[in-house]
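**Q** This is the structure I have questions about; it appears just below.
The values are calculated or read from the model by the stated rules, or taken from the named source; none is laboratory data. All values derive from a computational prediction rather than experimental measurement. Heads up, the Cβs are rebuilt from the backbone with ideal geometry, glycines too, and the neighbour counts pull from every protein chain shown. Note: areas computed on protein heavy atoms with side chains; ligands, DNA, RNA excluded. Shrake-Rupley method; radii C 1.70, N 1.55, O 1.52, S 1.80 Å.
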Amino acid sequence: VLKSVRVMGMRGLSAVLATAVGVAAAQDTLTIDVDVRSVKGPPIAPNFVGFSIEVPAALSMMGPDGTNAVFASLLEQLYTTTAGPHPGPNLRLGGNSADSTCYVPEGGSAPDGCSATINISTLQAYRTFAETTAAAANVSFVIGTNFGLSPDPNLVASGHVRGLGEAGLWPKVRAVEVGNEMDIYAGHANLPGKPHHRNASYSFADYMVEFKTFLAAYREVGMPDRRVQGGTWAGTAWYPDLPPYLAAYGNQMAAMSLHKYAQSTCGGNTVTIADLLADRSAAGAVGKIGSTLQHNSPGPTFVIGEGNSASCGGQSGVSDTFASTLWVMDFLPSLSKVGVRSMNFHGGPGGPYAPIAFAPTFQVRPIFYGLMVFSELIANYSQWVSVEVSGADPVQSDPTCKTGILGGKSGSPVCCAAACGTCGGTGCNNLPGGSAACCGGTIASANRTCTQHLPPCVPDRNYMSSVTAHAVTSSTDRKARVLLIAKKLQSSSVSANLCLQGVSSPKAETKTILSPAGVAAKSAISFGGLSWDNSTTGRPSGNPSIGTVRGSATSSGMCFVIELEPLSAVLVTVSLDA
């Protein structure tokens with residue numbers, strides 16, 4: 001007999017939305033097939049999740065003297081999702097402020113143009129936090145240095161790198177960044193408050209010359225080999241220049257950093273919950289990065305050195321709600337599957353998108369729950385396995401362009417056929433499939449929606465899958481884990497028939513992620529019965545709740561029926577041994 005577990009979710013908002021648009025209260029039925037034998041890609045780093053903090057805010061998170069035990073506790077909880085010693089969460093101290101913060105050596109003075117200063121005491125506080133306060137989390141740092149103030153590294157940047165050695169910090173420094181988002185220096189040249197950026201003609205060729213100068217200067221003052229984090233690029237404009245950049249400097253890099261935000265509030269843009277939960281903000285947001293990594297493989301380790309739900313500080317009422325929990329659980333697997341090694345979440349000590357806030361008061365934000373869920377999903381050096389989600393009467397479609405190549409202009413995406421090799425651009429009509437399959441303008445004019453057709457087609461920017469699923473196996477703990485996410489607004493409940501090929505264990509364990517207060521909730525969230533609401537120590541409270549589901553044997557494995565209410569998620573764990 002097939003038994004089921006009901007994953008209670010948020011009925012309120014969904015019911016209101018469904019009534020408003022006349023959606024029937026019917027239950028969707030889906031089949032989710034997982035083949036635990038179809039391992040894809042290398043083991044996932046257990047410290048995939050890290051944080052990115054503006055330089056002047058670093059000690060607001062770690063404590064003025066590096067002794068903030070609350071922050072350390074939260075990092076340790078991420079660390080211990082994987083058993084045994086391993087690299088812990090990475091703290092990237094950088095961002096826009098890296099290019100306006102000046103390191104002042106003892107007895108020195110700051111030059112003009114510095115909006116903030118740090119010194120040897122700052123670096124010693126970093127060391128105290130890493131080696132003592134957060135020792136149990138085995139944290140490391142990426143240190144952002146000032147590239148924007150001057151093309152002369154000896155003005156302030158080299159002193160900063162020298163100071164890392166003087167503070168004894170190198171054992172905890174994974175990499176040093178040379179500036180921040182220099183690919184948009186030219187566009188910011190005339191903006192008020194950013195006089196340190198180069199002029200409006202600044203180009204990639206200019207950057208290559210200066211980057212070489214900075215690397216040489218950093219090595220002269222003691223930077224170890226392969227300790228630079230390249231890139232830190234904001235957008236995609238310089239992606240075509242990656243081959244010569246990596247050819248020149250790739251063998252000197254600890255990693256290559258790209259920045260990625262799912263949405264943007266820059267320029268007064270407003271982001272809604274529907275925007276964040278749309279598939280284009282998860283799987284649909286990583287296509288360009290995925291194709292870029294593929295075209296530059298083999299190469300250095302690629303990381304998302306800075307990112308979050310929405311750039312320019314996030315969106316209040318979206319980035320700080322349960323919607324961000326649901327989003328990030330879908331976004332991180334999508335990034336990892338295309339080859340990204342880790343991601344640092346920007347923010348803190350305040351602001352809407354900070355995962356952990358200390359201003360105005362301490363608060364574990366909703367997105368942190370999602371980071372914990374993801375860390376448990378990929379624990380113990382797991383590897384991705386294939387997942388197929390299908391309905392009772394599936395439509396031949398590709399809503400998120402998984403089988404095609406995403407292209408087109410920002411805000412007007414198109415999905416080219418995979419056979420094209422690339423999407424759009426000069427000569428696209430000469431690619432396999434011709435203009436109809438490979439040219440953005442032609443595809444847009446045909447207006448074949450990806451919700452009803454296979455590529456070539458036009459993605460629906462507001463499309464939300466009823467359920468998204470991500471699955472892994474770990475040869476270390478001999479477990480298969482599947483994360484089911486019901487993040488669709490205006491949705492009915494879902495009965496998911498989860499079938500795992502290659503599994504014989506008849507029992508599955510479940511941990512639910514939910515908020516009875518609704519998708520816009522900023523609190524009242526729990527994961528496996530635990531909540532960080534009102535925590536003063538960084539430790540969660542509540543009674544741990546792990547459900548048990550009995551399965552039914554098939555000719556190739558086991559099937560489990562799991563019923564999800566709208567706007568909820570469940571982490572399913574099954575032993576690979578009988």
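**Q** With 24 Å as the limit, write out which pairs from LYS402/LYS511; LYS40/LYS409; LYS337/LYS487 have Cα-Cα distances beyond it, or answer none. Each step should come with its number before you reach the end.
**A** Numbers: LYS402/LYS511 28 Å; LYS40/LYS409 31 Å; LYS337/LYS487 20 Å.
Beyond 24 Å between Cα atoms: LYS402/LYS511; LYS40/LYS409.
**Q** Out of the DSSP beta bridges found with both residues in the chain, what percent are antiparallel (nearest 5)? Mind dumping the intermediate values first?
**A** Working: 59 of 108 bridges.
Beta bridges within the chain, antiparallel portion: roughly 55 percent.
**Q** Related question: Would you kindly state the longest site-free stretch of the chain, with sites defined as trypsin sites (Lys or Arg not before Pro) in a DSSP loop (not H, G, I, E, B) surrounded by at most 13 other Cβ atoms within 10 Å?
**A** Values: sites that count: LYS3, ARG226, ARG478.
For trypsin sites (Lys or Arg not before Pro) (loop position, at most 13 other Cβ atoms within 10 Å), the longest site-free span of the chain is 227-477.
**Q** So, one more: Is it possible to state the helix-based mean residue ellipticity at 222 nm for the chain, with each DSSP H run of 4+ residues giving -39500 (n - 2.57), the sum divided by total residues, to the nearest 500 deg cm²/dmol? What is it? Kindly include the intermediate steps, with their values, before the conclusion.
**A** Numbers: 13 runs with 125 residues, N = 578.
For the chain, the value works out to -6500 deg cm²/dmol.
**Q** If you don't mind, there's one more thing I want to ask. So I have (1) 1.37; (2) 0.97; (3) 1.09, and one of them is Rg/Rh (Cα atoms, Kirkwood Rh) calculated from this model. Which one is it?
**A** (2)
**Q** I'd like the FRET efficiency for GLN27 and SER552, computed as 1/(1 + (r/R0)^6) with the beta carbon distance as r and R0 of 30 Å, rounded to 0.05. The partial results should precede the final answer.
**A** Details: r = 20 Å, r/R0 = 0.65.
Efficiency for this residue pair is about 0.95.
**Q** Computed from the mean reciprocal separation of all distinct C-alpha pairs, what Kirkwood hydrodynamic radius does the range 501-578 have, in Å? Don't skip to the end; give the middle numbers.
**A** Details: mean 1/r = 0.0699 Å⁻¹.
For the range 501-578, inverting the mean 1/r across all distinct Cα pairs yields 14.3 Å.
**Q** Right, here's the next one. For the chain, calculate the relative contact order in percent as a whole number, restricting contacts to Cα pairs under 8 Å that are 6 or more residues apart.
**A** Details: 1428 pairs, mean separation 116.0, N = 578.
RCO, the chain: 20 percent.
**Q** Students often forget the sequence filter, so: which lysines lie under 19 Å Cα-Cα from LYS212 once same-chain residues fewer than 8 apart are removed?
**A** none
**Q** Length gain on complete extension for the stretch ASN199 to ASP65, per 0.36 nm per residue less the alpha carbon to alpha carbon distance? List each step's numbers first, then the result.
**A** Details: separation 134, 0.36 × 134 = 48.24 nm, distance 3.82 nm.
Contour length minus Cα-Cα distance gives 44.4 nm.
**Q** Continuing with this model, one more query. For the range 519-578, what's the relative contact order in percent, using C-alpha pairs closer than 8 Å and at least 6 residues apart? Intermediate results must be reported in sequence, preceding the final value.
**A** Values: 41 pairs, mean separation 11.2, N = 60.
About 19 percent, as a whole number.
**Q** Still on this structure, please answer the following. Over the alpha-carbon set of the range 282-431, work out the extent along each principal axis and list the three values in angstrom, largest first.
**A** 59, 38, 34
**Q** Using label points projected 7 Å from each Cα along Cα→Cβ, tell me how many nm separate THR426 and ALA237, to one decimal.
**A** With each label placed 7 Å out from Cα toward Cβ, I get 1.9 nm.
**Q** Would you mind telling me the antiparallel percentage of the DSSP bridges in the range 301-459, rounded to 5?
**A** Working: 8 of 11 bridges.
Here the antiparallel bridges make up roughly 75 percent for the range 301-459.
**Q** Just subtract the alpha-carbon distance of GLN396 and GLU220 from 0.36 nm times their residue separation and send over the number in nm, one decimal.
**A** Values: separation 176, 0.36 × 176 = 63.36 nm, distance 5.92 nm.
Computed gain between GLN396 and GLU220 is 57.4 nm.
**Q** Using a 1.4 angstrom probe on heavy atoms only, work out the carbon and sulfur share of the accessible area of the chain in %.
**A** On the way: 11280 of 22040 Å².
After summing per-atom areas, the C and S share lands at 51 percent.
**Q** Identify all aspartates and glutamates with a Cα-Cα distance to LYS488 below 16 Å; exclude those on the same chain that are fewer than 8 residues away in sequence.
**A** Reachable aspartates and glutamates: ASP28, ASP275, ASP279, ASP330, ASP460, GLU563, GLU565.
**Q** Roughly what would the spin-label model give for LEU155 and THR117, points 7 Å off Cα along C-beta, in nm?
**A** 1.6
**Q** Before I look further, what does the chain give for accessible area per residue, probe 1.4 Å, in whole square angstrom? Walk me through the numbers on the way to the answer.
**A** Details: 22040 Å² over 578 residues.
Heavy-atom SASA per residue in the chain reads 38 Å².
**Q** First check a/c for the range 223-262, with a ≥ b ≥ c the square roots of the eigenvalues of its C-alpha gyration tensor; if it is under 1.5, answer rounded, and if not, answer prolate when a/b is larger than b/c or oblate otherwise. Walk me through the intermediate numbers first.
**A** Values: a/c = 3.63, a/b = 1.48, b/c = 2.46.
Because a/c hits 1.5 or more and a/b fails to exceed b/c, the range 223-262 counts as oblate.
**Q** Give the long-range amide H neighbours of THR29: residues separated by 5 or more places, or on another chain, with amide H under 5 Å away, using H modelled in the peptide plane at 1.01 Å from N.
**A** Under 5 Å from the amide H of THR29 lie the amide H atoms of ALA392, SER495, each far enough along the sequence or on another chain.
**Q** Suppose every K and R has +1 on its Cβ and every D and E has -1 on its Cβ; what is the size of the dipole of the chain about the Cα centre, in Debye to the nearest 20?
**A** 860
**Q** Aspartates and glutamates within cross-link reach of LYS479: Cα-Cα under 15 Å, excluding same-chain residues under 8 positions apart?
**A** Within the straight-line cut-off, LYS479 pairs with ASP35, GLU376, GLU509, ASP577.
**Q** Take every Cα pair under 8 Å in the range 24-119 that's 6+ residues apart, average their separations, divide by the length, and report that relative contact order as a whole percent.
**A** Values: 90 pairs, mean separation 28.7, N = 96.
Relative contact order here is 30 percent.
**Q** With each label point set 7 Å from Cα along the Cα-Cβ vector, what nm distance links ASP577 and ALA359?
**A** With each label point 7 Å from Cα toward Cβ, the separation is 5.1 nm.
**Q** Quick one: length gained pulling SER316 to LYS212 fully straight, 0.36 nm per residue minus the C-alpha distance?
**A** Stretched out fully, the SER316 to LYS212 stretch lengthens by 33.4 nm.
**Q** Right, next: Counting only the backbone N, which residues of the range 450-479 are under 15 Å from the spot 7 Å out from the Cα of GLN294 toward its beta-carbon?
**A** What the label zone holds, given the 15 Å backbone N cut-off, is 455-456.
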